[in-house]
1. Whether any residue in the stretch 82-95 is within 17 Å of the chain's Cα centre (by Cα), crowded, with 18+ Cβ neighbours inside 10 Å and part of a helix (DSSP H, G or I) is what I want to check.
2. Can you name the strands (runs of 3 or more DSSP E) wholly within the stretch 1-77 that have at least 2 residues being open to solvent by less than 10 Å² (accessible area, probe 1.4 Å)?
3. Does the stretch 198-208 include one or more residues that are in a helix (DSSP H, G or I), out of contact with any Cys (no Cβ under 9 Å at 6 or more places or on another chain) and modelled with pLDDT of 95 or more?
4. Say whether the condition of being modelled with pLDDT of 95 or more, outside any loop (DSSP other than H, G, I, E, B) and in contact with a strand residue (DSSP E or B) (Cβ under 6 Å, 6 or more places away or on another chain) is met by at least one residue in the stretch 146-154.
Amino acid sequence: MKNIVVLVSGGGTNLQALIDAQESGIIKNGKITCVISSKEGAYALERAKKHGISTKVIARKEYSDSISYSHAILDALNEEKADLVVYAGFMTILDELVVKAYPNRMMNVHPALIPSFCGKGYYGLKVHEEALKKGVKLTGATVHFVTEVCDGGPIILQKAVAVEYGDTPEILQKRVMEQAEWKILPQAVSLFCEDKLEVVGSAVHIKD
C-alpha cells in the first residue's frame with residue numbers, strides 16, 4: 001500500500017475527488033496518509049479532517065524564500081514516507097530540490113490539454129479565459145508528472161471537454177473539473193499505485 005501525500009492551498013475540490021475515489025475503491029494499492037496546506041484556513045483541510053486524514057499546515061508566508069520553504073516541504077514529505085505526492089490546487093512554486101528528491105513521484109492536474117494554455121502564469125480562471133479568447137472547440141485536463149519545468153513534465157492522462165457557445169470562464173472551469181479533472185486525477189493516482197506507469201524518455205507508457 002503506497003502512501004499518498006496531497007499538497008493543497010484552497011478549497012480542495014480535487015482533493016475531494018481523490019477522497020471519494022479512495023472510499024469507492026477506484027484508487028487501488030494506495031491511501032492518502034496526509035494533506036499538507038500552504039496556508040491556514042484552507043477548506044481542503046476540513047475536507048481531510050472529515051475523512052480522518054492527517055493534516056499539516058506549512059505556511060508559505062512564514063518562510064523568507066522559496067528554498068527555505070521547499071526544504072520544509074521536503075522534510076514533511078520524508079517524514080510522511082511519501083511514495084506519491086499529488087498537487088491538488090497547490091498554488092506555491094517549489095524549488096527543484098523537491099522534484100529531484102521525488103523524480104516521477106509527484107503529479108499535478110492542469111485544466112487544459114497540455115501543451116496548450118500552460119506554463120508560468122496559466123492557472124485558475126486564466127487558463128479558461130485564454131481558451132475562450134482563442135476560440136478553441138475542445139479543451140480539457142491533463143495529469144502529468146511534475147518536473148522543474150512548469151507544466152512541462154511527462155503526460156500521464158488527458159481528457160477532452162467540449163467548449164460550448166455562451167461559455168464563460170467560470171462555466172467552462174466547472175465543466176472541465178466535473179468531466180475531466182475529477183475523473184483522470186484519481187485514475188492516474190491509481191495507475192501509479194498499481195505500478196502501471198513507466199516513464200520512457202519524456203513519455204509515459206501505461207502497462208496492462
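The values are calculated or read from the model by the stated rules, or taken from the named source; none is laboratory data. What you see is a predicted model, and the numbers here were worked out from it, not measured in a lab. Virtual Cβ from ideal backbone geometry, glycine too; neighbours counted across all protein chains shown. Areas reflect the complete protein model, heavy atoms only, side chains present, ligands, DNA and RNA absent. Shrake-Rupley method; radii C 1.70, N 1.55, O 1.52, S 1.80 Å.
1. No, there is no match, as no residue in the stretch 82-95 is within 17 Å of the chain's Cα centre (by Cα), crowded, with 18+ Cβ neighbours inside 10 Å and part of a helix (DSSP H, G or I).
2. Answer list for the stretch 1-77: 2-8, 30-37.
3. No, every residue in the stretch 198-208 fails to be in a helix (DSSP H, G or I), out of contact with any Cys (no Cβ under 9 Å at 6 or more places or on another chain) and modelled with pLDDT of 95 or more.
4. no
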